[in-house]
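Comments concern the structure below.
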Amino acid sequence: MRNLFWILLLGNVILFAAMQSGGFGWGEQEVQAQPYLNGDMIRLIPALQSAPARALPSSKPVSEPVTMPAPVAVLTASVPVSSPSESPAKPNPAMDVAAPAATKPGTPVCLEWGDFSGQDLARATAALSALQLADKLSRRQIEQDIGYWVYFPPLKNKAAVNRKIAEIKALGIREYFVVQASGHWHNAISLGVFKTQEAAQSFLHGLNAKGVHTAQVGERASKLKSTIFMLRGVDAVTVSKLNAMQSDFPGSALNNVPCALTR
């Protein structure tokens, strides 16, 4: 038994020595396995470098362009951007202006149109008659102390008056008045009486265009009667026609009035 013990002990010593010296190929395998193990551990370091820059700052500039991730771009595109001009405006009560009564269909209005005298009165009467307003139309007269007239200065005698009348009739003038009263204006011929000097001048320009060149405009210090037409409860269509007609009478005024004034 003692001999067997020493034999086993000697065998273990030989086996240990062989292992330490690389015998049987075991020592080499151990040495080769160690580098592979260390290599795996070293490769973990690049993985740490892919962490955010705040964890491991790098002093080298980034050479490749940074591309935003696709989800971020999609979210940005899906968010609507609105400018102040595109935002819905709040209603402003001050801008909600009601239309004039004359422009609203079915809303009757009352008007005054005037004033007229002489030829303008006859023309305005004919124009209003064509509208067939019946009891919606009435008139009133006003008097003024001072007016203007278009006239021929006093002529020498009756024969001269007759020659002048023949001349103006040949030019198409049918309305005139010969002053018969004695005094400074005896044998003068009046062609029209007007409220304002501007209206008288406008009428004189029309006469000049027809070939009348000796008529004059003067102030008439006497009672001057003129007519104002009153229209009650007319509709928007009639108001539109009256506005068009008014342009043919530059000296007239077409005004809205309370309906109580037209009764």
(message) So if each residue of separation counts as 0.36 nm, and I subtract the Cα-Cα distance between Ala253 and Ile7, what length gain in nm does that give?
(response) 73.7 nm
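What GluC sites (Glu not before Pro) does the range 160-238 have in DSSP loop regions with at most 13 other beta carbons within 10 Å?
Glu175
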(request) Tell me which residues come under 5 Å, amide H to amide H, from Arg220 once H is placed; ignore anything under 5 positions away on its chain. (result) Gly147, Tyr148, Trp149
(request) Collect residues whose amide H, placed 1.01 Å from N in the peptide plane, falls under 5 Å from the amide H of Val178; neighbours closer than 5 in sequence don't count. (result) Ser190
(message) Show me, bin by bin at 10 Å from 0, the whole-percent P(r) of the range 146-222 based on Cα pairs.
(response) 19, 54, 26, 1
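Please give the contour-minus-distance gain from Lys169 to Leu15: 0.36 nm per residue of separation, less the Cα-Cα distance, rounded to one decimal in nm. Numbers along the way, then the final one.
On the way: separation 154, 0.36 × 154 = 55.44 nm, distance 16.08 nm.
Once the chain is fully extended between Lys169 and Leu15, it gains 39.4 nm.
Within the range 146-222, how many Lys pairs sit with Cα atoms under 19 Å apart, leaving out pairs fewer than 8 places apart on the same chain? Each step should come with its number before you reach the end.
Details: Lys156/Lys164; Lys158/Lys169; Lys164/Lys210; Lys169/Lys210.
Here the count comes out as 4.
More than 16 Å apart: what percent of Cα pairs in the range 109-192 qualify?
Values: 2233 of 3486 pairs.
Summing the P(r) tail past 16 Å for the range 109-192 gives 64 percent.
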(request) Search the structure for amide H atoms under 5 Å from the amide H of Phe249, placed 1.01 Å from N in the peptide plane, and list their residues when 5 or more places away or on another chain. (result) none
(message) Can you compute the modelled spin-label distance between Val178 and Thr214, with each label point 7 Å from Cα toward Cβ, in nm?
(response) 1.5
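Hey, got the dipole for the range 146-222? About the Cα centre, +1 on K and R Cβ, -1 on D and E Cβ, debye to the nearest 20? Present the calculation step by step, with values, prior to reporting the outcome.
Working: 9 positive and 4 negative charges, 60 e Å.
It comes to approximately 280 debye.
The numbers here are math on the coordinates, done by the rules we state, and not lab data. Model, not experiment: these values are computed from the prediction. Neighbour counts run over all protein chains shown; Cβ positions are idealised from the backbone, glycine included.
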